[in-house]
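Data block below; observations after.
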Amino acid sequence: MQTLSNEDKNYLLNSIREVEDFPKPGIKFKDITTLLGNKKAFHLLMDHLVARYKDQEIDYIAGIESRGFIFGAALAALLKTRFVPIRKPGKLPYTTISEKYSLEYGVDEVTIHIDAFSMPNNSKPKVLLIDDLIATGGTATAAVNLINKAGAECVEACFVINLSFLQGDLDIKKVTSVYSVLEVD
Ligand code: AMP
């Protein structure tokens, strides 16, 4: 199932609940818990991601807190590869490195353990980045830069949904290849 049919894409889109005005007025929040709770939708999505990445020799999957942990860890297990969490500041217990990025008002930061990536033969690990959604693209762009700073190579950033009207994917494309299962205009 390398390519999803339009019927499958519509099924997946319809399995995601939209919650208006969450977490603040004006935001239409894409709630993926309804996708996870739908057996057909969850496995359609995971089977598709396995088919896309199974022959790409991914050394690590890095998931962005927190919904990227769900899809990323599930995919890492299915691909029999490793998983690394990318977290908000103050959450990881050991020495971290971090990358700041701008928000509409202020700055935010993503962090990773300094020794998150290591390969037996000292080769540069190939990392697939995963999160649930691209909005402005700021979080994912910072996460790609962080992976590269930690000595690995981010070969692709993968998302369930791209809010394409915000064009956040264009920023991420400046630093890595981007794949999104679903596009929302
Ligand atoms: P951004 O850095 O603007 O691309 O924001 C991406 C992060 O914010 C992802 O981790 C998403 O889970 C979350 N996010 C942003 N907007 C939404 C939305 N409309 N629905 C669900 N999650 C969102």
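The values are calculated or read from the model by the stated rules, or taken from the named source; none is laboratory data. Since the model is a prediction, treat every value here as computed from it, not as a measurement. In this analysis, Cβ positions are derived from the backbone assuming ideal geometry, glycine residues included, and neighbour counts consider all displayed protein chains. Just the protein is used for accessible areas: all its heavy atoms, side chains included, with ligands, DNA and RNA removed. Shrake-Rupley method; radii C 1.70, N 1.55, O 1.52, S 1.80 Å.
Values as computed for the structure displayed
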| item | result |
| --- | --- |
| The stretch 172-185, subset more than 9 Å from the ligand (Cβ to nearest atom) and outside any strand (DSSP E or B), residue farthest from the chain's Cα centre (by Cα) | Asp185 |
| Count of the stretch 42-58 residues which are part of a helix (DSSP H, G or I) and among the charged types (D, E, K, R) | 2 |
| When residues of the stretch 155-168 are limited to those that are part of a helix (DSSP H, G or I) and near the ligand (Cβ under 9 Å from one of its atoms), the one farthest from Ile114 (Cα to Cα) | Leu166 |
| Asp8 being assigned to a helix (DSSP H, G or I) and among the charged types (D, E, K, R) | yes |
| Residue in the stretch 59-77 that is within 12 Å of the ligand (Cβ to nearest atom), more than 30 Å from Asp47 (Cβ to Cβ), assigned to a strand (DSSP E or B) and small (Gly, Ala, Ser) present | no |
| Residues satisfying the stated conditions in the stretch 93-142, i.e. buried (at least 19 other Cβ atoms within 10 Å of the Cβ) and assigned to a loop (DSSP other than H, G, I, E, B) | Ala116, Phe117, Pro125, Gly137 |
| Test: Ala152 is more than 11 Å from the ligand (Cβ to nearest atom) and surrounded by 14 or more Cβ atoms within 10 Å (Cβ to Cβ) | yes |
| Selection status of Val175, in contact with a helix residue (DSSP H, G or I) (Cβ under 8 Å, 6 or more places away or on another chain), over 28 Å from Gly26 (Cα atoms) and either modelled with pLDDT under 95 or open to solvent by 20 Å² or more (accessible area, probe 1.4 Å) (or both) | yes |
| Selection status of Ile27, within 18 Å of Ile161 (Cβ to Cβ), open to solvent by 60 Å² or more (accessible area, probe 1.4 Å) and aliphatic (A, V, I, L, M) | yes |
| When residues of the stretch 26-41 are limited to those that are in a helix (DSSP H, G or I) and touching a residue at least 12 places away in the same chain (Cβ under 8 Å), the one farthest from the ligand (Cβ to nearest atom) | Lys40 |
| Count of the stretch 4-20 residues which are in contact with a Lys or Arg (Cβ under 9 Å, 6 or more places away or on another chain) and away from the ligand (no atom under 11 Å from the Cβ) | 2 |
